[in-house]
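In what follows, a single structure is set out as structure tokens and then discussed.
The values are calculated or read from the model by the stated rules, or taken from the named source; none is laboratory data. What you are looking at is a predicted structure, and each value in this text was computed from that prediction instead of being measured. As a convention, Cβ positions derive from the backbone with ideal geometry for all residues, glycine included, and neighbour counts pool all protein chains shown. In case anyone asks, the SASA skips ligands and DNA or RNA and just uses the protein heavy atoms, side chains included. Shrake-Rupley method; radii C 1.70, N 1.55, O 1.52, S 1.80 Å.
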Amino acid sequence: MVAFGALVVGLKAAEPWRIPVWPGKLAPNGDGNTSPATTSLTIYQPEHPNGAAAVICPGGGYSTLVTEPEGHGIARWLNSHGITGMVLEYRLPHGRPMVPLLDLQRAIRLARSNAGAWGIDPHRLGVIGFSAGGHLVATAATHFDSGANEQEGIDPVQRFSSRPDFAVLIYPVITMGEGTHAGSRDNLLGQNPNPELLDEFSAEKQVSDESPPAFLAHAKDDTLVPIRNSELFADAMRKHHVEVELLKLPSGGHGLNGYHGDSWDAWQAACLKWMDAQGISQAKPSSAQKTGKTIAVTDEAVLAGISPLNWIRSEHAIHSAGGGASFRLAFMHTDRVLLNVDTSANQYPYASRFPIVGWTVNQGPVQTHQLKQGETSFVLSAGVANPIIEFYIKGMSPFEDRYRGDVPPNSVTITGFTVDRACSIKAPPAKPLWVNIGDSILSGDGAAYADQQGRPADDRWAGSDDAWASYGYLLAQHYGYQESRLAFGGYAWTGGLGNLPPLAELVDHLTSTTSRLTQEKWVPAPGVVLINLGENGAPPEDAVVAALQRLRQRCGAETKIIVMIPVSGRARAEITNGLSRYRELKQDSRIYLADLGLMEFPTIDGQHPTTAGHQMIYQAALQVLDQILK
């Protein structure tokens, strides 16, 4: 395992930020029902992170949450020792015992899925809980799984393990039997729970050989939650030969004298010492990390792996203001990769408008990261030897300038990679090229939202997007092509948001001053171009004809150009007439009309498809495109 002390060089301490734990408006209850997805996670990053992290579960008897002293205060304390703290505001159970556990398991998976972006080591991710939050932590330490199998349609976050790597329990409720805190039990299990339920949520009865190591602290004079709770758990851990330490404090009661004083200081000091002994809090950089190097993004091997036609190249960087722009690179002889970025020119009015990027390591689950003002680097991979990384711009705001000047101010700018000194980069063999041209629907805007969640606020579009959920991306993958994309929110045949020009002009220009062409052609010439425009307004026939003429000039005679009618049916007549007129003028036999007919599919707002909606469009399109491409 690679130590994180040197991996996060370049990360800066940020203001805490709060994110939802569940996607969409509803979260599972564990009984086949759902309830409002109110669970949140507040992430506190230290100025000098050592890679260790903990999800913090405040107490409150399962009837409320003591979020400041047993949550945010703990996160700040962890930060002062280089540990990332994440405060979980879990749903209260109201007699539905699986609800808090599902929330904590999801938070653990979510942290692991974002380990690179958040600068944490996914193998040093623990849980800390107080009182009833301690019971929740003990439950998570005895009820976990390795993640869902990789199946199409499975939420990628659910593929990560929910097992914590360590557990810290402070004056915890443990048992549901004799000596329990009756209020916590009743709020969790309801009135008159059956014996099986009592056993299931008595953590001392669920410890196994696979349970993670644990540290416990409890005052001997705690009358609200007797110390016998911690003793039962420690005894069970020892029986299963799992590392455990129980600090018995002479006084302090429940809450340890109101979260200050000798007993409070004693448990924190002992806990830090225990974490150090376990190798949790002290990550020492290896010699390889000390001798790392930077590979410039302008290296020929890197440029060979970027998606053609949608990256702007400057002297020291590559830039893109288009969702879906991507690279695929193999990093040899290294087990850590940092992506170096430049956000100094970004002019977003709100932090939530900054682009969100995503990537996979060795075809694993997608990890994500939202860029921040002043950020210079973040971790793409750690602890994986010779990783193959596929990266893409997942979501972008459609409202800022995307076109004027050499580099639009809202571009994602990449300058290079920090890797081990022996590293070299290779681009995997190139596939034939497929270019998608479209608007917010083809872009995947809104695809990360749930059915009928609603249109995002103007400053939240980036978080709603998923370029890889797009049916256009899925089609390119299905037919064995590499995708490039000229697809933008609010775009039409005649131009659109962000100062974008008509398609006949956009074909030639990445920006108002930067050409997309090499010797008057698209290089490489795409095998397929798929156009799906018209949702944002019916085009004049002349605009359709001009765009198709220009495309044919730039692509060459062999490219198959497919014009798809919007799935809403909008502009069907205008697009059909424009394409027919072009055919008559040019006698072009390699241009095709694809009309899927009117379709019903899940949307966030009556227009933008959800991920499931894109899957339905993709499946319907296969039946039409098979006749053209096979």
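A few points about this structure:
- Test: residue in the stretch 418-435 that is among the acidic types (Asp, Glu) and touching a helix residue (DSSP H, G or I) at 6+ places or on another chain (Cβ under 7 Å): yes
- Residues in the stretch 445-463 include none that are open to solvent by 30 Å² or more (accessible area, probe 1.4 Å), closer than 25 Å to Arg313 by Cβ and of a type outside the set (Val, Ile, Thr).
- Any hit, the stretch 297-308, residues being of a type in the set (Asp, Glu), open to solvent by 20 Å² or more (accessible area, probe 1.4 Å) and over 30 Å from Cys423 (Cβ atoms): no
- Apart from one condition, Gly59 fits all of (1) among the small types (Gly, Ala, Ser); (2) modelled with pLDDT of 95 or more; (3) open to solvent by 30 Å² or more (accessible area, probe 1.4 Å); the exception is (3).
- Only one entry in Arg91, Arg96 is open to solvent by less than 30 Å² (accessible area, probe 1.4 Å) and over 29 Å from Leu339 (Cβ atoms), namely Arg91.
- Counting only strands (runs of 3 or more DSSP E) that sit completely within the stretch 277-374, those holding 1 or more residues that are within 27 Å of Asp121 (Cβ to Cβ) and either in contact with a strand residue (DSSP E or B) (Cβ under 8 Å, 6 or more places away or on another chain) or modelled with pLDDT of 85 or more (or both) correspond to 293-296, 326-332, 336-341, 356-361, 367-370.
- Entry remark, the stretch 514-525: residues being of a type in the set (Ser, Thr, Tyr) and either outside any loop (DSSP other than H, G, I, E, B) or more than 28 Å from Asp459 (Cβ to Cβ) (or both) number 2 in total.
- First in the stretch 28-45 and on the phi > 0 side of the Ramachandran plot, second anywhere and at pLDDT 95 or above and open to solvent by 50 Å² or more (accessible area, probe 1.4 Å), Cβ under 9 Å, 6 or more apart: Gly30/Arg96; Gly30/Met98
- Pairs with Cβ under 9 Å, 6+ apart, first in the stretch 259-281 and without any contact (Cβ under 8 Å) to a residue 60 or more places away in the chain and within 16 Å of Leu246 (Cβ to Cβ), second surrounded by 16 or more Cβ atoms within 10 Å (Cβ to Cβ) and of a type in the set (Val, Ile, Thr): Trp274/Val168; Trp274/Ile280
- Of all residues in the stretch 364-378, none are among the β-branched types (Val, Ile, Thr) and more than 22 Å from Ala462 (Cα to Cα).
- Where a residue in the stretch 184-210 is open to solvent by 70 Å² or more (accessible area, probe 1.4 Å) and its partner, wherever it lies, is outside any loop (DSSP other than H, G, I, E, B), with Cβ under 6 Å and at least six apart: Lys205/Asp199
- Qualifying residue in the stretch 499-518 (condition: under 19 Å from Met616 (Cα atoms) and surrounded by 24 or more Cβ atoms within 10 Å (Cβ to Cβ)): no
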